[in-house]
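Take a look at the structure below.
Read-outs throughout are calculated quantities, based only on the coordinates presented, and are distinct from any laboratory measurement. Given the structure is predicted, the values throughout are model-derived calculations rather than measurements. When we count neighbours, we look across all protein chains shown, and the Cβ atoms used for this are built from the backbone with ideal geometry, even at glycine.
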Amino acid sequence: MLEDQLKKIDINTDYALSQNKVKLIAVSKYASDEQVQEAYKLGIRDFGENYIMPALKRQKTLNFRDEVRWHLLGPIQKNKINKVVGNFDLIHSVHTLEIAYLINQKAEALNLVQNILLQVNLTQDKSGFLESEIEEVFLDLVKLKNIKIQGLMLMNYHEISQKTETNFNRMRLLKEMMTTHCPDSDFELSMGMSNDYHLAVKNGATIIRIGRNLFS
């Protein structure tokens, strides 16, 4: 039962360690519509999808009446920008300047502000901005009027190792850099999944993305 799975995801201890409020996103890319509906009935209001077109179909099919926040976690292709902007509350996977500029352009045309996270590549095998360039990228993109940078996102190693926690700590330091430039902003750190979310929260995650531990 999904309710039993949800009870196992206990981050109360980690709250004391991090002094953060942690938001749980139910990663529903492999879940059935029935499972997502069950999660909704249990009080989950944040759902993360990796694939744009199936996500849009699910949004239309389920049509939740109460407030639900849809998160895009997967890669964004240039030809899908028009499908993304305005249809997701938060885009986690902005990984190039070109994609960011295109999102801003489309959001301007729609007269809205699109919330985004900047994806950071610390594993060298995934998409994202390099650690060495993230400050310059942030200072460039923060000037754009139709996107709002709400923080950073990390896709960490699949297997837990000493590098896992090291990368989480590096992300925390990058968030502190952003806060130095914009002290009045409350930035998010989207990092940590089913296998390593405890370590992520310990090191400052404000958003964890849980799929397998919920819907398996």
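Below, the figures for the structure above:
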item: Single match in Ile160, Ile208 (criterion: surrounded by 23 or more Cβ atoms within 10 Å (Cβ to Cβ), of a type in the set (Val, Ile, Thr) and either touching a Lys or Arg at 6+ places or on another chain (Cβ under 6 Å) or at negative phi (or both)); result: Ile208
item: Residues located in the stretch 177-216, provided they are assigned to a strand (DSSP E or B) and either over 16 Å from the mean Cα position of the chain (by Cα) or free of Cβ contacts under 8 Å to residues at least 60 places away in the same chain (or both); result: Leu189
item: Residue pairs meeting the criteria (Cβ under 7 Å; at least 6 apart or on separate chains; first without any contact (Cβ under 8 Å) to a residue 40 or more places away in the chain, in the stretch 134-163; second charged (D, E, K, R)); result: Leu152/Lys175; Met155/Lys126; Tyr157/Lys163; Ile160/Asp196
item: Some residue of the stretch 98-113 being touching a residue at least 40 places away in the same chain (Cβ under 8 Å) and touching a Lys or Arg at 6+ places or on another chain (Cβ under 7 Å); result: no
